[in-house]
1. If Lys and Arg each add +1 and Asp and Glu each add -1, what is the summed charge of the other residues whose beta carbon sits under 13 Å from the beta carbon of VAL31?
2. Would you list PHE110, PHE148 from the most to the least accessible area, probe 1.4 Å?
3. Along segment 24-31, what does the Karplus equation 6.51 cos²θ - 1.76 cosθ + 1.60 (θ = phi - 60°) give for ³J(HN,Hα), rounded to whole Hz, x for Gly and Pro?
4. Can you compute 3J(HN,Hα) from phi for each residue in segment 117-128, using the Karplus curve 6.51 cos²θ - 1.76 cosθ + 1.60 with θ = phi - 60°, rounded to whole Hz and x for Gly and Pro?
5. Over what distance in Å are the Cα centres of segment 142-162 and segment 80-99 separated?
6. Enumerate the calculated ³J(HN,Hα) couplings along segment 4-13 in order (Karplus 6.51 cos²θ - 1.76 cosθ + 1.60, θ = phi - 60°), each rounded to whole Hz, writing x wherever the residue is Gly or Pro.
7. Enumerate the amide H contacts of GLY169 below 5 Å, restricted to partners 5 or more residues apart or on another chain; note that Pro and chain-start residues carry no placed amide H.
8. Amide H neighbours of VAL162 under 5 Å, at least 5 residues apart or on other chains, H built in the peptide plane: list them.
Amino acid sequence: MTRRMTVSLDDDAETALETLMSQTDNGQSEVVRRALAFYAANFEAASGRPSDNLEQYYQMLSSGEHVLLDVDFLHCFLEHLYEDGDPDPEFVEAADRVSDYHAHEYAERFESVEELLEWLSFCGFLAVRSQGEGVYQIVFASEPIRWFMTRFIERSTVDLSVDLEIDQGLSKVLITERRSAE
């Protein structure tokens, strides 16, 4: 069902409508319908109220502690660090120092491995699917990223009050979280 309506356009809106019509080869009704659908889907960003994710990205980037990195660059870096199938020992040592530092930070920041995995998913390193009962299926984009992030997760969770059981596949990992007896 379609409804007719009359809309008053100022000069800027009229120019935008004409531009979109010429770029898309669609009539004004179709352009307006799509524009409204897009606006509704992106209302928070368009109205100046950033989503929680956008706010977190902003906090990460503005602190200078994190940078945006194209995932292909990450793949290049990790692939380059492998020599005859084994990661460069100097890289492993440096990565372990970073992981160990994060272990202290994460002990204060996260209550559970689930929170940590959601954070790492938000950062783009992995996709996490909760299987319930403290079991998580983790999907990685490549084997080197699986190796790198699994090692990071193991080392950065040592100060949390949990024990992890990690079953590794080629690009997936199954992590089972168990509360430690303190």
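The values are calculated or read from the model by the stated rules, or taken from the named source; none is laboratory data. Since the model is a prediction, treat every value here as computed from it, not as a measurement. A quick note on method: Cβ atoms are made from the backbone with ideal geometry, for glycine too, and the neighbour counts reach across all protein chains shown. Areas reflect the complete protein model, heavy atoms only, side chains present, ligands, DNA and RNA absent. Shrake-Rupley method; radii C 1.70, N 1.55, O 1.52, S 1.80 Å.
1. After counting each charged neighbour, the total is -2.
2. Of PHE110, PHE148, the descending order of accessible area is PHE148, PHE110.
3. So the Karplus estimates, Gly and Pro as x, are 9, 6, 10, x, 4, 4, 5, 4 Hz.
4. After applying 6.51 cos²θ - 1.76 cosθ + 1.60, I find 5, 5, 5, 5, 5, 4, 6, x, 7, 7, 10, 10 Hz.
5. Taking the Cα centre of segment 80-99 as reference, the centre of segment 142-162 is 14 Å away.
6. Karplus-based 3J(HN,Hα) across segment 4-13 equals 8, 8, 10, 10, 8, 10, 7, 4, 4, 5 Hz.
7. It is LEU174, by chain and number.
8. Close amide H contacts, sequence-distant or interchain: SER180.
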